[in-house]
1. Pick out the one residue from 143, 159 that is surrounded by fewer than 22 Cβ atoms within 10 Å (Cβ to Cβ) and closer than 21 Å to residue 107 by Cα.
2. Looking at this structure, is residue 134 modelled with pLDDT of 95 or more, more than 30 Å from residue 44 (Cβ to Cβ) and surrounded by 24 or more Cβ atoms within 10 Å (Cβ to Cβ)?
3. Given the conditions (1) within 28 Å of residue 137 (Cα to Cα); (2) within 20 Å of the chain's Cα centre (by Cα), report the number of the one that residue 36 does not fulfil.
4. Here's a check for you: in the range 211-236, which residue that is among the small types (Gly, Ala, Ser) and within 19 Å of residue 195 (Cβ to Cβ) is surrounded by the fewest Cβ atoms within 10 Å (Cβ to Cβ)?
5. If residue 175 passes every condition in (1) over 16 Å from residue 213 (Cβ atoms); (2) crowded, with 17+ Cβ neighbours inside 10 Å but one, which one does it miss?
6. Within the range 135-159, work out how many residues are in a loop (DSSP other than H, G, I, E, B) and touching a Ser or Thr at 6+ places or on another chain (Cβ under 6 Å).
7. Among the candidates 244, 218, 195, which residue alone is in contact (Cβ under 8 Å) with a residue 40 or more places away in the chain and farther than 26 Å from residue 141 by Cβ?
8. With within 16 Å of the chain's Cα centre (by Cα) and either assigned to a helix (DSSP H, G or I) or under 29 Å from residue 39 (Cα atoms) (or both) as the only criterion, which of 173, 126 stands out?
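The values are calculated or read from the model by the stated rules, or taken from the named source; none is laboratory data. None of these values were measured; they are calculated from a predicted model. All Cβ positions, glycine included, derive from the backbone under ideal geometry; neighbour counts span all protein chains shown. For accessibility, only protein heavy atoms count, side chains too; no ligands or nucleic acids. Shrake-Rupley method; radii C 1.70, N 1.55, O 1.52, S 1.80 Å.
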Amino acid sequence: EPKAVPVSGQVLLHVMAAGINPADYKIPKIIGGKVVGLDVAGTVEACGPGVTSFAKGDEVFGFAIFGNGGIADYALADVKKITRKPKDLSWTAAGSFATTFLTGYQCLREHGRMEAGHSVLVIGASGGCGTAGVQLAKAIGASEVVAVCSQANAELVSSLGATRVVDYRDRASMEAMRTTSRFDVIYDCATGSGGGEDYSADAQAMLKPGGTVVAINGGVSAWLRLLFKCQSKSRKLMLTRQNGEELATILGLLGDSAKDAVIIDSTHEISMEGINAAFERLKSR
């Protein structure tokens, strides 16, 4: 297709890599548009009128314009929703960084009010958002980062900074944690994620007084509470705000470890065959 023309506040990117997330197939096409892909990385091909924060040839990453996504040769991006790509961050890592790390950062810092010294539990710790959450909790200075995932991924999650890993299939270990452990912030990446998981009751039981459970998925009632702004202080469902400045903040927080922070499951060509294979892999969980 012909290249899109960026308007004021936009840049056109020559796409080098794009990442996919469950939202990319859960959002109906009538809403999300025919070109999907929230996460994108590429070089600036052209700038819209009045854009001075970026110039042609700059290497950037962040979010593609909704409805005109990143899984294409060229993609539009809002200048406020991208940031410069560090030289030591690979294109594949940059192209799959934005959603998971910004979600984790906003869950922990903004909604969970996490501070250094807090204890953190990450449920669903081996997924995209979970692996980001473990690393961010460590970088912010958590006193402990307990991770819930399968035993098969325990070594990976430990290497990212988890101080303890609990296998969700081990009922005795889960019950022991439920009855003895209490956390300042619980980041729930698993409840409502599509496999019938619901850790809501367990999470609430493990919360310290004044603590917060922050979830990224939920049932109809949870979405309605979010929509009508009547959520409780102790349990929140959140939607990620796409923000380039916060992406830069996260890079600074992670420091030298940022270049290895993204866990890449697999890479695929930006072609119909590659895109279909990538979504089949994503849907297989």
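1. 143
2. Against the criterion (modelled with pLDDT of 95 or more, more than 30 Å from residue 44 (Cβ to Cβ) and surrounded by 24 or more Cβ atoms within 10 Å (Cβ to Cβ)), residue 134 qualifies.
3. Going through the list (1) within 28 Å of residue 137 (Cα to Cα); (2) within 20 Å of the chain's Cα centre (by Cα), residue 36 breaks only (1).
4. Restricting attention to the range 211-236, the residues satisfying the condition of being among the small types (Gly, Ala, Ser) are 211, 215, 218-219, 221-222, 232, 234.
Right, trim to within 19 Å of residue 195 (Cβ to Cβ) and you get 215, 218-219, 222.
Working: 215: 26, 218: 21, 219: 12, 222: 18.
Only one residue fits best here, namely 219.
5. (2)
6. Keep residues of the range 135-159 that are in a loop (DSSP other than H, G, I, E, B), which gives 141-143, 150.
Now drop any that are not touching a Ser or Thr at 6+ places or on another chain (Cβ under 6 Å), which leaves 143.
Number satisfying all stated conditions: 1.
7. Of 244, 218, 195, the one residue that is in contact (Cβ under 8 Å) with a residue 40 or more places away in the chain and farther than 26 Å from residue 141 by Cβ is 195.
8. The match here is 126.
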